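**Student:** The structure that follows is given in the form of structure tokens.
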Amino acid sequence: MLTVENRATGATEEPRYISFVLMAGLIALPLIFVWLLLRRGYGRSTRIAAFSYAFMGPLLNLVAWMLTGEWVSE
């Protein structure tokens, strides 16, 4: 069985896996559901990937607006 050791306390805990419902929420409304990954048990790489995905759309929209002066609507 997989366990994750908490470096601060030395305690071990089982890693959490992303459920189908959470994955659907992350794909549909990433800026809302990405915050659920801050709970204990989710890996750092999972959080980095999800936050990168969540903020990619708004960031690209901002860059497009800065370059063209027009807001991109989806």
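**Student:** Obtain the nm distance between the two label points defined at residue 20 and residue 65 by a simple spin-label model: each point lies 7 Å from its Cα along the Cα-to-C-beta direction.
**Tutor:** 3.7
**Student:** Mind giving me the nanometre distance, one decimal, between the label points for residue 27 and residue 40, set 7 Å out from Cα along Cα→Cβ?
**Tutor:** 3.1
**Student:** Could I ask something else about it? For segment 4-68, what does the convex hull of the Cα positions come to per residue, in cubic angstrom?
**Tutor:** Expressed per residue, the convex hull around the Cα atoms of segment 4-68 is 88 Å³.
Any read-out appearing in this document is the output of simple, stated calculations on the displayed coordinates, not a laboratory observation. Quick caveat, the model's predicted, so the values are computed rather than measured. FYI the Cβ positions are ideal-geometry reconstructions off the backbone, even for glycines, and counts take in every protein chain you see.
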